[in-house]
Amino acid sequence: ILLLCVSGMRAEPARYSVPEEAERGSFVANIAKDLGLTGEELLARQARLVPEGEKQYFQLNQHTGDLVVREQMDREELCGQSEPCLVRFEVLLESPLQSFRAEVRLTDINDHAPVFLNKEMVLKIPESAMPGIRFLLESAHDPDVGNNSLQHYSIGSNEYFRVYTQRRSDGRMYAELVLDRALDREQKAEVAFSLTAVDGGTPPRSGTALIRVVVLDINDNMPVFTQSLYKVSIMENSSQDAIVAVVTASDLDSGTNGEIVYSIFQNSEENLQTFKINPETGQIRLKKPLDYEEKKTYEIDVQATDGGGLSTHCKVEVQVKDVNDNAPEVIITSLTSSLSEAAPPNTVVALFNVRDRDSGDNGRTTCELTGEQPFRITLLAADAYALVTSETLDREQVEEYNVTVRARDEGSPALSVSKTLFVRLLDVNDNAPTFTQAIYTMVMSENEPAGRSLGRLRATDPDAGENARVRYSLVPPPTGTLAAASFVSVDAESGTVRSLRPLDYEKVRAFEVTVRAADGGSPPLSAQAVLRVVVRDENDNAPVLLHPAPDSSAAGELVPRWAPSGFLVAKVVAVDADAGQNAWLSYELAKATEPGLFRVGLHSGEVRTARAVTERDAARQRLIVLVRDRGQPPRSATATLTVALVDDFSDAFHQLGHDPASREQPQVAEEEMLTTYLIASLCCVSSLFLLSVLVLTANTLCKARARAELSPPSPSCYADGDFASDGVGGTGTLSPAYRYEMYLTSGSGRSEFRFLRPVLP
């Protein structure tokens, strides 16, 4: 891009010309043709004009490439007497960014006639003036330049004078009146004639003034200046009323004829507005401040007149010296205020020119950037610069820049100016979201209802806008693994984690899912974190007895009567499916026949004698042991033990009430009662069976007797022909093509018969 900009900036500007006062819309040139572009390319590249000043005098037709006049221009108003009069501008193209300099010269037209500031001039000439003496006349003013400016003077016919046209060093014309014939006041006291100033235009224009020559009596000595040409210089920053020069003239006459009065001769209105002279001392002073950039040289005609009316002239040439009174100007021609953070180095941000109205070292400028920023300045052409990026940009570190361009001249003291350019970086999705933790651990209670919030995930993205909008989701687990994603859900916007269903700690104690945070960029960037959910156990399981078995009747244990204190009677074993404190079990004796005889270990579940067994203790003891966990609220189970106190083990079965055949599984009295119930039930079932057989036999005999009393059925009932029984014959209502199946109920002699369905052939 930079190479394109450099190649596009032409070292020599394109030059055109147009007459001043040209009408709006007047054709100047076809810029597209000069640039080698078509109108479509100009339109596509958004060609536009950037004036050097504040006012735009031309406009560009993007469709045709024609440069036309936008506003009428007066050359004299824009440039005064300066020549050439140039209007400069730049043609700016985009995609790629290019700049072309151009200048249009305003050619002068003869739209002004010469004008005398005084329409009547009075000259006092003594009658003793010798032929050939010259008198300076006031100059006419013509703002046109070149051939259209004032070219020569002429006077009306008379017998005493002729006029010569002279050229000053700055090119302006002035008139000198030459005496051809001696004057005689007694013959003619006053001579009058016209002075005509003519320019070189086509057609020529002219201006006229009247000259009156008053013939004076003899004053034979004229004032004489010490110098015919005074050359002085003055600084442009000199204060008002500062002395410019002092001119001195002397007159040999005496009295009033020797008294000299100084005056500035009317040769330029600008001189009269800028300088003044003391008529007595000849001191020339400033009436207003000077400006080297507006005018560098002044030529003043000073006239010294004595009391007798004789006068002489001298020239004062004033050179204005430049001082560094103008700071440089930074003119922005193109600015990209919004720049992508992905822009590579050397991307053009702005084009600008630096201009200083001073001259010499005072007008030479340098350009620099203040502060440490990722930009630099590249020189494209004389006083034309480009602001480009010097390194890669990162919006997340610095979102916007205030780039200060400082232009400094080489004057003494140096003057400088600063211009601040605002550059905002546009975001690119170059940062993935970041979780605040790599692993999130959350806790949910066992059997917790669905929809309960477990916590919140949080991921941040340093990008902006949609690129920083983070959405959360669960990563689907691999096929064949635990579907942990069905246990919880993650809110896409807030990252809140919620349970989807109650969980059982005894089945799922903890699980992990992978969570993804993706931004809204294109393409989106994402990050992952692990969500570990720990299920907190609740006391939802009561202790389960392993010994004695919970579904058996009271277990029997034998204790000899000689057993001492601490004798191990039995051990109650229980487990709890819960975990932690909810699974810590304690044992205690809830109920006993003799509470003081036995004790239970709090944590071991061992049942031991609390004292020695005595003869007074009952031979049969019943113990209920309570097993309790430490959950909130606690859950419990009970175990029942039957203990027999025996002298020896031969009478153990008698004490417990069991048959020797069932020694392996001792039964209590309730089991004997169950056997009795089973025998009674078997007898009842057998009786019902015998009764059913008898009823079935009797039913069969009754049917046989009923069939014997009825007449035998006719074989034709089941034939394909007509029925031969009573009431149904060949003339009956039934068609011989049908037969019907008939069924009779068994048992009663009053059985009915019914036609169920026809049997079709």
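The values are calculated or read from the model by the stated rules, or taken from the named source; none is laboratory data. All values reported here derive from a predicted model rather than from experimental measurement. All Cβ positions, even for glycine, are placed from backbone atoms using ideal geometry, and neighbour counts span all protein chains on display. For accessibility, only protein heavy atoms count, side chains too; no ligands or nucleic acids. Shrake-Rupley method; radii C 1.70, N 1.55, O 1.52, S 1.80 Å.
Among the chymotrypsin sites (Phe, Trp or Tyr not before Pro) in segment 286-389, which ones are in a DSSP loop with at most 13 other Cβ atoms within 10 Å of the Cβ? Mind listing them?
On the way: sites: Tyr292, Tyr298, Phe352, Phe375, Tyr385; in loops: Tyr292.
For chymotrypsin sites (Phe, Trp or Tyr not before Pro) across segment 286-389 that sit outside H, G, I, E and B with at most 13 neighbouring Cβ atoms in 10 Å, the list is empty.
Starting from the Cα-Cα distance between Arg616 and Asp74, subtract it from 0.36 nm times their residue separation and give me the gain in nm to one decimal. Kindly include the intermediate steps, with their values, before the conclusion.
Details: separation 542, 0.36 × 542 = 195.12 nm, distance 14.54 nm.
Stretched fully, the Arg616-Asp74 segment lengthens by 180.6 nm.
Relative to the longest principal axis of the C-alpha atoms of the chain, give the angle of the C-alpha long axis of helix 669-709, reported between 0 and 90° and rounded to the nearest 10°.
Value to nearest ten degrees: 80.
Report the extension gain between Ile439 and Asp180 in nm, rounded to one decimal, defined as 0.36 nm multiplied by the number of residues separating them, less their alpha carbon distance. Let's see the in-between values first.
Values: separation 259, 0.36 × 259 = 93.24 nm, distance 11.78 nm.
Gain on extension, Ile439 to Asp180, equals 81.5 nm.
Just how large is the dipole of segment 360-411 about the Cα centre, in debye to the nearest 20, putting +1 at every Lys and Arg Cβ and -1 at every Asp and Glu Cβ?
Details: 5 positive and 11 negative charges, 39 e Å.
Approximately 180 debye in magnitude.
Please report, in debye to the nearest 20, how large the charge dipole of segment 96-181 is about its Cα centre when each Lys and Arg carries +1 at its beta carbon and each Asp and Glu carries -1 there.
On the way: 10 positive and 12 negative charges, 45 e Å.
In debye, rounded to 20, segment 96-181 gives about 220.
Scan segment 6-83 for trypsin sites (Lys or Arg not before Pro) in coil per DSSP, keeping those whose Cβ has at most 11 other Cβ atoms within 10 Å, and list them by number. Don't jump to the answer; show the numbers that get you there.
On the way: sites: Arg10, Arg15, Arg24, Lys33, Arg45, Arg48, Lys55, Arg70, Arg75; in loops: Arg10, Arg24, Arg45, Lys55, Arg70.
Counting only loop positions with at most 11 other Cβ atoms within 10 Å, the trypsin sites (Lys or Arg not before Pro) in segment 6-83 are Arg24, Lys55.
Provide the FRET efficiency to the nearest 0.05 for the Ala510-Asp430 pair, computing r from the beta carbons and using R0 = 56 Å.
0.90
So what's the net charge close to Asp251: Lys and Arg +1, Asp and Glu -1, counting the other residues with Cβ under 11 Å from its Cβ?
-4
Test of understanding: what is the full-extension gain from Val544 to Leu369, defined as 0.36 nm times their sequence separation minus their Cα-Cα distance?
Details: separation 175, 0.36 × 175 = 63.00 nm, distance 8.46 nm.
Fully extending the segment from Val544 to Leu369 adds 54.5 nm.
How much mean residue ellipticity at 222 nm does the chain get from its helices, if each DSSP H run of length 4 or more adds -39500 (n - 2.57) and you divide by all residues, to the nearest 500 deg cm²/dmol? Can you show the working numbers first?
On the way: 7 runs with 75 residues, N = 761.
After summing the helix terms and dividing by the residues of the chain, the value is -3000 deg cm²/dmol.
Starting from the 7 Å offset along Cα-to-Cβ, what nm value, one decimal, do you get for the label separation of Ser687 and Thr593?
Label-label distance for Ser687 and Thr593, simple model: 3.9 nm.
Cut-off 18 Å, label point 7 angstrom out along Cα-to-Cβ of Tyr164: give me the residues of segment 291-325 whose amide nitrogen falls inside.
312-315
Could you name the lysines whose alpha carbon sits less than 29 Å from that of Lys188, not counting residues in the same chain fewer than 8 places away?
Correct list for Lys188: Lys119, Lys124.
Once neighbouring chains are kept in place and the probe is 1.4 Å, which whole percent of the accessible area of segment 224-321 is contributed by carbon and sulfur? It would help to have the intermediate numbers written out before the result.
Working: 2170 of 4690 Å².
Reported share for carbon and sulfur atoms: 46 percent.
Computed over the Cα atoms, what is the radius of gyration of the chain divided by 2.2 N^0.38 Å, N being its residue count? Kindly include the intermediate steps, with their values, before the conclusion.
Numbers: Rg = 66.1 Å, N = 761, 2.2 N^0.38 = 27.4 Å.
Here the Cα radius of gyration is 2.41 times the empirical estimate.
Gln46 to Leu335: FRET efficiency via 1/(1 + (r/R0)^6), r the Cβ-Cβ distance, R0 22 Å, to the nearest 0.05?
Values: r = 14 Å, r/R0 = 0.65.
That gives a FRET efficiency of 0.95.
FRET efficiency for Ser486 and Ser522, Cβ-Cβ distance as r, R0 = 25 Å, nearest 0.05? All intermediate terms of the calculation are to be shown ahead of the outcome.
Working: r = 31 Å, r/R0 = 1.26.
Step by step, r from the Cβ atoms, then E = 0.20.
Please give me the summed charge of the neighbours of Asp537: other residues whose Cβ is under 15 Å from its Cβ, Lys and Arg +1, Asp and Glu -1.
Numbers: positive: Lys507, Arg509, Arg536, Arg630, Arg635; negative: Glu446, Glu448, Asp504, Glu506, Glu538, Asp540, Asp576, Asp578, Asp629.
Surrounding charge for Asp537 is -4.
If I take all pairs of Cα atoms in segment 329-417, what percentage of them are more than 24 Å from each other? Present the calculation step by step, with values, prior to reporting the outcome.
Numbers: 976 of 3916 pairs.
Percentage above 24 Å: 25.
What is the distance, in nm, between label points placed 7 Å from the Cα along the Cα-to-Cβ direction at Ser82 and at Asp361?
Result: 2.5 nm between the two label points.
Which loop GluC sites (Glu not before Pro) in segment 67-133, with loop taken from DSSP, have no more than 15 other Cβ atoms within 10 angstrom of their Cβ? Please list the in-between numbers first.
Numbers: sites: Glu71, Glu76, Glu77, Glu90, Glu94, Glu103, Glu120, Glu127; in loops: Glu71, Glu94, Glu127.
Loop-located and lightly packed - Glu71, Glu94.
Tell me the per residue accessible area of the chain using a 1.4 Å probe; a whole number in Å² is fine.
Using a 1.4 Å probe on heavy atoms only, each residue of the chain averages 55 Å².
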